[in-house]
Amino acid sequence: MPRYICSQCGKEYDAITADGFCTNQPECEFGTGWLTEAGSAAKTAAGTPGLTPMGFENEAGLCVLMMDGSLSMGEPAFPDSDYPGTRYKLVAMNAAGGLWSLRSMTHQDAAYLALCVFAGEPRLILLESVEALFKKHNTPESLADTIQNMLEKQTPDARFTNINAAVQLAYDIKQAFIGGDLSAYGGPSGFKPVIHPVVRDGADGEEFIEIPNVRVLIYTDGEHNVTSAIKNPFAGDEQSVLITAFIGEQDAKGVGQMQNLACTCPKHAPATGFFLIDTPERVQTLRGIFRMASGASGFCAACLKVEQKTEPEAEGNSTVEESAESQTLEETAAEDSPPPA
Ligand SMILES: [Zn+2]
Ligand SMILES: [Zn+2]
């Protein structure tokens, strides 16, 4: 009888699990470990331990997740590896895992999440507080199932990929948040969005700008394939809050498109908020991006590294929120800089 080993936690199994992923939760972080045949030369997942929650002490924040649900997402996520899931499954597990790590943050009632799917056109599936989301789901598994179901069953026009329409809807929701009224999208109204003062290295030296506590994350595994050229409404903002990711090969056409859409990090410029997910070793990165966007805590790979470094020993250790090292990008940036003259 062959034995299997989890790529993440090393737990041994006599038989493969139903979906090929490790079931050793909570010790093994949900969605990050899968079973590889013992003795096979398969590489294990990157040695980075799981990410942990960021501090989050703001009145109102928003994350817009714009998720590609097109039919190609049903293909194996990493065909050249032993990763057992489709791209749908990859995204659902890591979106759920990333969101789940926000469970220890405070003010969950004021952190909003807009879950959208898109292919030929975008659709807002739900806009609610993180608190409400956690009330409906007691486990990351159930949240992952909900997200996967959304992607597979509720994506309109699943044969096409219209990046413009998706980015525009995300932008409109972001603008409504800044205006303090999300009622047109089924969300709250009459709230005050939190705005962080940040210093940024601009073309003419230091610039003092304001960044609203909102992030937009869009990913695709395809490319814009409707006739109009790609437009980026976020490019007109003082500071773009658009984080992008591509799931697939590095030389795919969609990579350049996502790269061009991504924001430039205000703290780590010229680093951008673009992430390539092309190997199973990037699974932790994918999860980290979902967490970073949901917690409105960063923009780029360097921001993500800071989060990973400040991680405490154990998952769910809420004292990280009090730790000076777990400051959000905005706080850190503000403190690093002299006050505006
Ligand atoms: Zn495991
Ligand atoms: Zn950064």
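In segment 36-82, which residues are small (Gly, Ala, Ser), open to solvent by 10 Å² or more (accessible area, probe 1.4 Å) and at pLDDT 80 or above? Within segment 36-82, ALA38, SER72, GLY74, SER81 meet the criteria.
All conditions but one from (1) touching a Phe, Trp or Tyr at 6+ places or on another chain (Cβ under 7 Å); (2) at pLDDT below 95; (3) within 17 Å of ALA144 (Cα to Cα); (4) among the hydrophobic types (A, V, I, L, M, F, W, C) apply to LEU102; the one that does not is (1). For ASN94, the test of being open to solvent by less than 10 Å² (accessible area, probe 1.4 Å) and closer than 25 Å to PRO280 by Cα is passed. Of the numbered criteria (1) touching a residue at least 24 places away in the same chain (Cβ under 8 Å); (2) surrounded by fewer than 18 Cβ atoms within 10 Å (Cβ to Cβ); (3) more than 19 Å from TYR88 (Cβ to Cβ), the one ASP145 fails is (3).
The numbered conditions (1) assigned to a helix (DSSP H, G or I); (2) among the small types (Gly, Ala, Ser); (3) surrounded by 15 or more Cβ atoms within 10 Å (Cβ to Cβ) are all true for ALA184 except (3).
Restricting segment 18-30 to residues that are on the phi < 0 side of the Ramachandran plot and more than 10 Å from ligand 1 (Cβ to nearest atom) leaves a set whose member that is nearest to the chain's Cα centre (by Cα) is PRO26.
Scanning segment 173-196 for residues that are polar (S, T, N, Q) and either touching a Lys or Arg at 6+ places or on another chain (Cβ under 9 Å) or not assigned by TED's automatic domain parsing to the domain that holds ILE125 (or both) turns up nothing. Of the candidates VAL214, VAL198, VAL167, the single residue that is modelled with pLDDT of 95 or more, under 18 Å from GLY61 (Cα atoms) and open to solvent by less than 20 Å² (accessible area, probe 1.4 Å) is VAL214. Is it fair to say SER189 is polar (S, T, N, Q) and more than 19 Å from the chain's Cα centre (by Cα)? When the stated conditions are applied, SER189 passes them. With respect to (1) open to solvent by less than 10 Å² (accessible area, probe 1.4 Å); (2) in a helix (DSSP H, G or I); (3) over 30 Å from CYS6 (Cα atoms), the lone exception for GLN259 is condition (1). Of the residues making up segment 12-33, those that are free of Cβ contacts under 8 Å to residues at least 60 places away in the same chain and open to solvent by less than 80 Å² (accessible area, probe 1.4 Å) number 7. Here ASP145 clears all of (1) outside any helix (DSSP H, G or I); (2) under 25 Å from TRP100 (Cβ atoms) except the condition numbered (1).
Looking across segment 281-293 at every residue that is open to solvent by 10 Å² or more (accessible area, probe 1.4 Å) and touching a strand residue (DSSP E or B) at 6+ places or on another chain (Cβ under 8 Å), the one that is farthest from ligand 2 (Cβ to nearest atom) is identified as ARG282.
Yes/no matrix, rows are residues, columns are (1) at pLDDT below 85; (2) of a type in the set (A, V, I, L, M); (3) closer than 17 Å to LEU102 by Cα:
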| residue | (1), (2), (3) |
| --- | --- |
| ASN260 | no, no, no |
| VAL283 | no, yes, no |
| ALA302 | no, yes, no |
| THR310 | yes, no, yes |
| GLU315 | yes, no, yes |
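The values are calculated or read from the model by the stated rules, or taken from the named source; none is laboratory data. The structure displayed is predicted, hence computed values, not measured ones. All Cβ positions, even for glycine, are placed from backbone atoms using ideal geometry, and neighbour counts span all protein chains on display. Accessible surface areas use protein heavy atoms only, side chains included; no ligands, DNA or RNA. Shrake-Rupley method; radii C 1.70, N 1.55, O 1.52, S 1.80 Å.
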